[in-house]
Amino acid sequence: MNTDLLRTFLEVAKTRHFGHAADNLYLTQSAVSSRVKQLESMIGAPVFTRQRNNILLTTAGERLLPHAENLLASWQLAVQEVGVPAKKNAQLSLGGTSNLWDTFLQSLLPKLSIKFPNLYMRTEINTSQHLVRSLLGGRVDIFASLDPPANNDFEAEVIGDLELIMVCNHPSIQIDDVPVLGHVFVDWGTAFNLQQARLFTEPVAPILHTGQSRIALEFILSHRGAAYLPRALVQPYLDDGNLFQISGSLEVEQQVYAVYLKGADSSLSLGPVINFLKARDIKPETALAPIEDEF
């Protein structure tokens, strides 16, 4: 299989546009179309329906998508394993959603590097659904999640927590004032999202719906609205009077889980890393400071 064909297929599937895929791959649009046609000829079925300004995956394309991701990831891992310096004798692929990288996981990588000096690390930032596929496909060893998936092949351990509080950029705002001020809905996992939906007596359409806490923070600071955000992220703005906690709103402790394949915690390579994570009781750190290292 020509990996360039799979890479092109995935880029078109992601952008839903031949021209945009061509730009991202530094190819001409005709080259992208040619590669897709070659791929379709090889598998014997069309992978896209081509309508003006509307490129969609066919049923065959939908079925090919996870296989293409796994094949490319396996090839990339193989190349990396062969090219890993001799002193780096262990590898870790760590995944997480963008929210958790922003406010929870970013401080973890230096600590892992110091604790395991021979560890070669890779990261993947993606949706929970994609991370589940990555774990099953071997592209990710461990991923952090607010909602551990119900899968008999997985194990999940609490490794820390996030303290979420509701804030806005106006003082003296009550929870009942939020529908008028504007609700900024931040995705903090299914369980907490259900709680957010019950915040108000009447359904309230959010003025912004986002999966990234920093986008919500910047929107509130520069415009308006109220959102649940990690205390560690907003505390400096609370201290200087640019943000205010909503009176009458709940403070929520959201547990964060490390998800991995069953048995991985007893393996020689991943076991020490998983046990290290379980013992850390990780707390959010949004302002990184230098830590001692031996070089």
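Each value in this text was obtained by applying a stated rule to the coordinates, not by laboratory testing. Since we're looking at a predicted model, the values are computed, not measured. Methodologically, a virtual Cβ is constructed for each residue, glycine included, from the backbone with ideal geometry; neighbour enumeration extends over all protein chains shown.
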For the chain: lysine pairs with Cα atoms under 22 Å, gap of 8 or more or different chains, count? 10
In the chain, which whole DSSP H runs stretch at least 27 Å along their own axis (Cα) and average 0.0 or higher on the Kyte-Doolittle scale? 59-83
Mean Cβ neighbour count within 10 Å, used as a protection proxy, ranking 2-14, 130-142 highest first: 130-142, 2-14
Using the 2.2 N^0.38 Å rule of thumb for compact globular proteins, work out how region 161-295 stacks up: its C-alpha Rg over that value, please. 1.27
Only bridges whose two residues both fall in the chain count here: according to DSSP, what percent of them are antiparallel, nearest 5? 60 percent
Residue among L162, S41, G137 farthest towards the positive dipole end of the chain, charges placed on Cβ: S41
For region 3-68, compute Rh as the Kirkwood radius over C-alpha pairs and then the Stokes-Einstein diffusion coefficient at 25 °C and 0.890 mPa s; write the answer in µm²/s, rounded to an integer. 213 µm²/s
A chain fully extended from I43 to R231 at 0.36 nm per residue, minus the present Cα-Cα distance, gains in nm 62.6 nm
Extent of region 144-188 along each principal axis, from alpha carbon coordinates, in Å, largest to smallest? 47, 18, 13
Which chymotrypsin sites (Phe, Trp or Tyr not before Pro) in region 16-62 pass both tests, a DSSP loop state and at most 12 other beta-carbon atoms within 10 Å? Y26
Whole-Å distance linking the alpha carbon centroid of region 1-17 with that of region 99-171 is 27 Å
Taking all pairs of distinct alpha-carbon atoms in the chain, Kirkwood radius in angstrom: 21.8 Å
